[in-house]
Each structure stands twice: as structure tokens, then as C-alpha cells.
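All remarks here apply to the structure that follows.
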Amino acid sequence: MSSRALRRLKGKQRGQEDIDFGELGLEIEEGVGAVLEEEEDEQDEVSQPPKANSSRRTKKSKSQKNISNIFELIGEADSDTDRCPTEENLQESRVRAPPTQNQQTHCEKPNNKKKKKKKRKKTSAGDVQEETAAGDDIDAFLATIEKTNGLSHQNEDTGVSGNRPVLYVEHRNLNPENELKRYFGARAVLGDQKPRQRQRQFHRSTWMTTPKESWPRFIKPGISMSLLESKDGLQFFAFEHSRDYQQVQFKFFDAVESMDPNNIMVLLQLNPYHVDSLLQLSDVCRIQEDQETARDLIERALYSFECAFHPVFSLTSGTSRLDYRRPENRAFYLAVYKHMMFLEKRGCPRTALEYCRLILSLDPDNDPLCMLLLIDFLCLRCREYTYLIRIYEEWEVHRNLSQLPNFAYSVALACYHLSQHEETTPEESQRMKLKSDKMLQDALIMFPGVLMPLLDLCTVQPDATVSSHVFFGPRNRLGQPPALTELEGLYVGRCHSLWKEAGVMLWMEGNVQEVLKRVDSKDPLVEDCQNKRKQRYQSAPRNIHRHVLLSEIKEATSTLPLEVTTQPVMGYDPLPPLDSVVSYTRPERQFARAANESTLSLLFRSLLPNFNLQGLQRPDDLEVARAGRELNQEVNRLMVAMRDMLANIQFQEPEREDNPDRDEEEWN
């Protein structure tokens with residue numbers, strides 16, 4: 001063999017590394033093998049061809065060991081310090097990967113076509129075993145990588161995999177267009193949209209929202225995210241406000257206190273990505289039934305947040321935490337929640353479920369927005385029955401989900417729907433049907449106050465034996481704790497549409513009759529559940545009240561206690577936690593006592609801007625306050641007198657002389 005061909009086999013052409021013939025699996029002719037054996041003593045760097053003799057394999061240098069699998073290269077990166085897994089090396093390792101004979105022909109030049117045709121043979125059994133072993137190594141390596149991240153493989157066809165964590169979030173499910181495309185097709189969703197080539201603003205690539213060309217040019221508003229600590233595999237983050245953003249926040253508080261939405265709009269024109277202004281103005285637009293503008297403002301707020309994410313913060317891993325006690329973090333919770341509700345009303349329940357899991361993963365222990373009261377509804381809407389049953393079974397031990405009316409009824413309904421699937425085997429269908437019957441009967445015994453309001457909203461007339469029975473009668477509902485009435489009203493108002501199917505109602509009717517039989521036969525479970533209802537649900541926690549206010553379901557809001565309904569509720573921060581972690585405070589206003597001042601002092605201030613009531617001495621302050629009260633009393637008396645006078649004024653027509661001979665058309 002010529003020296004040129006020998007150098008090509010050695011891999012020294014064009015700066016390439018030495019080629020491992022054993023890994024390439026080339027069938028070297030006997031002549032070539034002889035030449036290599038002669039020059040083996042002179043050049044030790046040349047790799048030996050594979051033979052049965054194991055002594056030749058031990059002669060390989062560790063620094064020149066070629067890798068046929070890129071995952072092996074990653075796995076041995078620590079031990080192999082001389083080589084760096086760059087992109088060029090990875091590409092070369094892919095070229096050197098030797099499973100088949102067809103790939104070996106690419107290593108030779110086109111002028112050797114005749115030799116390649118002669119060397120083409122069927123793949124031996126040993127090569128097949130090596131190929132399958134390499135495939136197993138890849139699968140095993142992928143499994144180890146996913147286990148380290150707390151994830152496992154999921155098929156694209158399944159919405160929620162049973163192997164992944166319960167709170168796993170998938171990026172592609174955060175885009176509502178993907179769900180709409182599955183329903184209506186890409187052409188119906190995208191329409192005749194054409195890509196804009198010129199005069200296009202640069203926007204950062206985000207997952208939760210898609211920037212629109214109609215939005216103002218994005219300038220960082222002053223929000224950033226910092227990593228507070230990492231503990232037990234969890235990362236705790238917090239949003240932070242810059243000095244300039246804090247000044248804008250103070251102006252926003254003044255605009256809210258003015259009770260004029262125009263002031264918020266003026267502030268938003270100067271600061272188009274101020275989050276709290278976007279949330280508050282979105283509520284105003286939604287009340288005015290401008291849903292499109294309200295949704296657009298929420299998306300803009302989400303975009304502002306996502307541009308401020310920390311590089312380590314992850315939406316999908318389920319290990320990132322945000323403390324709701326920090327006011328800077330609450331706006332992100334509320335923005336995601338309102339975006340989720342818009343998606344559900346838009347007809348994207350699967351995407352809304354993904355955002356629900358995202359909110360729940362930010363603080364699953366405290367659950368500040370009580371997403372557990374909503375996740376069952378979204379699962380039933382998008383027909384994720386298996387996922388609902390899974391979260392119920394995994395969290396029942398430590399979260400006691402069976403004591404929530406929504407899970408008690410919704411999980412039973414999910415089991416019933418699974419039993420009716422055509423793909424389910426008869427044995428599995430029968431098992432799920434029995435399970436659904438048992439769970440529904442337990443739910444009716446534990447929460448009997450749900451039945452009659454549910455039938456009322458479903459426009460179903462109950463049987464006379466049911467409506468007249470004491471167990472489901474109104475007296476039983478009136479005697480239950482107010483917190484339980486609030487939870488039952490929330491579930492009935494939100495999920496009554498899921499029970500309107502004819503088959504579901506027939507299933508419900510049969511189980512209600514069975515429950516009445518168990519009540520009449522003095523089932524011990526009935527008395528046990530009655531004792532639980534009396535002992536529990538005495539007062540609902542603050543996060544449930546916050547969820548009821550955000551849901552705006554009249555069946556639940558009418559049951560809120562007075563301590564919640566009598567205090568002002570702001571859309572940008574409803575029912576803040578009592579143990580808030582405040583990072584900066586609002587400075588005191590210059591005229592902080594203006595609300596408590598008298599009418600006379602306000603008159604002086606309007607005439608003399610430099611007048612300051614706080615600068616006066618205490619006796620003068622009392623005299624001015626007394627004079628102001630007297631002036632107010634006099635003004636009130638005057639207003640009452642004028643009101644009475646205006647109310648008693650009567651206009652009477654002048655008396656006319658009764659002269660029958662007078663001509664009516666005669667002019668005086």
C-alpha cells in the first residue's frame with residue numbers, strides 16, 4: 001500500500017485524529033494488515049485492527065481511544081482530560097460510528113468504487129449485536145439523564161404521562177395555538193398570516209406569550225429576578241424592583257387612590273410595561289366587556305415578567321419556588337392566573353390546565369391561590385381523567401383531598417367517564433364503574449349539600465322521595481358550617497355544566513337511591529361523616545377566600561364572611577397575606593392628614609398653598625378643628641333648609657273669572 005493511503009487510514013490527513021479500525025469495523029485485507037504489522041514497531045500511534053487476540057487491544061493508548069458514541073464521550077469527559085468534547089469532535093464521532101457497512105463506504109474516496117463494491121457484504125451477527133448494544137446504551141443514558149432531572153420519557157401523543165412528576169409542565173402545552181390547531185387545523189388558526197420581513201421589532205423569544213407588533217417597544221421596566229437560596233433540590237427566587245420602578249409603583253398607588261382609571265392609563269402610556277397598572281387596567285376593561293384588550297394587557301404583563309426571569313429559573317422542572325408573601329411575586333401569580341382564566345373561556349382547557357400546574361408548582365405546600373379547587377374542573381374539561389385520578393391517589397395521603405367537595409365528586413365523575421370509554425377492556429370498565437359508584441356514594445354522604453343546588457342549576461327536577469328526605473333537605477344544608485357552604489357553592493357554580501349529560505344524570509340518580517337506602521338503614525358511615533362536618537370547616541383559610549374573590553362565582557361570593565366583604569379588595573393584590581415580607585415601603589405623603597382635616601383647613605390650603613396645618617400648635621389645631629366642625633354643621637343646616645324649601649315650592653295657576661259670555665279667543 002502506498003504511503004498516501006496509509007496516512008489516510010491513519011487519519012493524519014487534514015488534521016484529523018487517528019482512526020480506530022476496530023471501531024470502524026473495516027474489513028482489512030491481509031496485505032494491508034501485514035503492512036501495518038511491519039510498521040507497528042516504528043509508529044506506536046497507529047491503532048490495531050480488531051482480532052480475537054486480546055493482547056493487541058491492550059496496546060491501545062488511552063489518549064488515542066476513539067469514541068463511537070457521543071454519550072460515551074460525555075460520560076468519560078472527567079477521565080479523559082486530554083480531549084474536549086467540542087462540536088467538531090462530536091461530528092467526527094458521529095462519522096466514526098460504525099454500525100453498518102453502508103456508513104463505512106463514506107470514509108473512502110469516490111475513485112475507489114470498485115473496491116467498495118467488492119467489500120460490500122451483509123452485516124454480520126456480531127455487528128448487529130454491537131448495534132443493539134449501542135442502542136441500549138443510548139436509552140440507558142437518556143434514562144439516567146431524565147432521572148437526574150426528575151423527569152421521565154413521555155410520548156407526544158399523551159397529554160399527561162404517568163411517569164412524569166405530577167406538577168411537570170411542558171413548554172409546548174403553554175401555547176394555546178397548538179391546542180387550537182388540534183381542534184380546527186393550522187389553516188383555520190393561522191389564516192392568511194404572512195411573515196413580516198422588514199420594519200419588524202426585535203422581541204425576545206418567550207414561552208408563555210407571543211409578542212405582538214401592536215405592543216409598544218419593549219424597554220426593561222426595572223424588574224429583575226434573583227436566586228435567594230437552593231435547598232433540598234429546590235431553588236427559591238424572588239422578583240426585585242429597581243429604584244425607578246419603585247417610583248412608578250408609588251405613582252400607581254396614587255392613581256389607584258384617585259379612583260380614576262384615566263390616571264392609570266396616563267401612567268401606562270409613560271410606562272407601558274408596568275405590571276400592576278396592566279393588571280388593574282385589565283380588570284377595568286373586562287368589567288367594560290372589552291375582553292380582547294383585557295387579555296392583551298395580561299399577555300403584555302407576562303411578557304414583562306418572562307423577560308426578567310433568572311437564567312436558572314425553570315417553568316417546567318417543578319423545582320422553582322416563588323414566595324407569595326413578597327409583594328413583588330404576587331403580580332406574577334395573578335398575571336398567570338388571569339391569563340389561565342382567559343384561556344379557559346377562549347376554549348383552551350388543556351393549555352389552561354398547564355398554567356394551573358405551573359401556578360401550583362410555584363408553591364405547592366401553601367397553594368396561595370388554591371389551585372387545588374380548580375385543577376379538577378380543568379382536568380374534566382380537557383378529559384384528562386387519568387391525570388386527575390393520579391393526583392388524587394398520590395396526594396390523598398398528605399393533602400387529604402377527599403375532604404374537599406370538588407375532588408370527592410370530580411374524581412368519581414372521572415372514573416365514570418373512564419368506564420365508558422370504548423378502548424377500555426370489559427374487565428377494566430367494570431372495575432372503574434364499581435369504583436365510581438363507591439366514590440360517588442361516599443361523596444353524597446360526606447357532602448349532601450351539593451346535590452340539590454347541582455340539580456337546580458342543571459334544570460333537573462329531583463324525585464319526590466329525594467327532595468322530601470331529611471338528609472338532602474334544606475334543613476340539613478342550613479345547619480352546616482359556613483366554610484363548607486362556601487366550598488360547595490364554589491364547586492356547584494363552577495362544575496354544574498359537567499353534570500348535564502343524560503348518562504351522567506342517570507348514573508347520579510341510581511347512586512342517590514342507594515345512598516337513601518344506606519341512610520335509612522343507619523349506615524355507620526353516615527354518622528361518621530356528620531361528625532366530621534361538625535368538627536371541620538369552621539373557618540376557611542385566607543387563600544380560599546382569595547380564590548373565591550378571583551373566581552367571581554356568585555354562588556361562592558355570596559357566602560363570604562363579613563370580614564372579607566367589608567374590606568376593600570384591589571384587583572392588583574386581593575387579600576394580601578397578613579405576614580407579608582416587605583422589601584421597600586411607600587414614603588409618607590406630604591399631607592398625610594388631608595383626609596382627616598376639616599373643611600376650613602382645606603379651604604385655607606386651596607387659597608394658600610403654603611399653609612400647613614401640621615406646623616401649627618396643638619391648641620390652634622383644636623380650635624381650627626372645632627371651627628371646622630361648626631362650619632360643617634352650619635353648612636349642613638343651610639343645605640337642609642334649602643332642600644326643604646325647594647321641596648315645598650308649589651306653582652299655582654291664577655284664578656280665572658267664570659264668565660260664560662266671554663269669548664275665549666278674545667285678546668286682553
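Odds and ends about this structure:
- With Cα atoms as the point set, the radius of gyration and Dmax of the stretch 344-470 evaluate to 16.0, 48 Å.
- Alpha carbon centroid spacing (whole Å) that separates the stretch 550-577 from the stretch 204-254: 27 Å
- Kirkwood-type hydrodynamic radius, the stretch 200-270: 15.2 Å, calculated from all non-identical alpha-carbon pairs.
- Entries of Lys345/Lys532; Lys345/Lys554; Lys338/Lys534; Lys181/Lys345; Lys435/Lys500; Lys231/Lys532 with Cα pairs more than 28 Å apart: Lys345/Lys532; Lys338/Lys534; Lys231/Lys532
- Histogrammed with a bin width of 10 Å, the alpha carbon distances of the stretch 479-536 distribute as 19, 33, 43, 5 percent, first bin at zero.
- GluC sites (Glu not before Pro) within the stretch 203-296, DSSP loop, no more than 16 other Cβ atoms inside 10 Å: Glu213, Glu289
- If the convex hull is drawn through the Cα atoms of the stretch 445-573, its volume per residue in Å³: 111 Å³
- Calculated log₁₀ intensity ratio I(q)/I(0) where the Debye formula runs over C-alpha points of the stretch 217-319, q = 0.12, 0.14 Å⁻¹: -0.47, -0.62
- Scattering curve values for the stretch 416-507, log₁₀ I(q)/I(0), Debye with Cα scatterers, q = 0.10, 0.13, 0.18 Å⁻¹: -0.31, -0.52, -0.90
FYI, it's all coordinate maths here, none of it is from the lab. Just so you know, these numbers come straight off a predicted model, no measurement behind them. Positions of Cβ are backbone-derived with ideal geometry, glycine not excepted, and every protein chain shown enters the neighbour counts.
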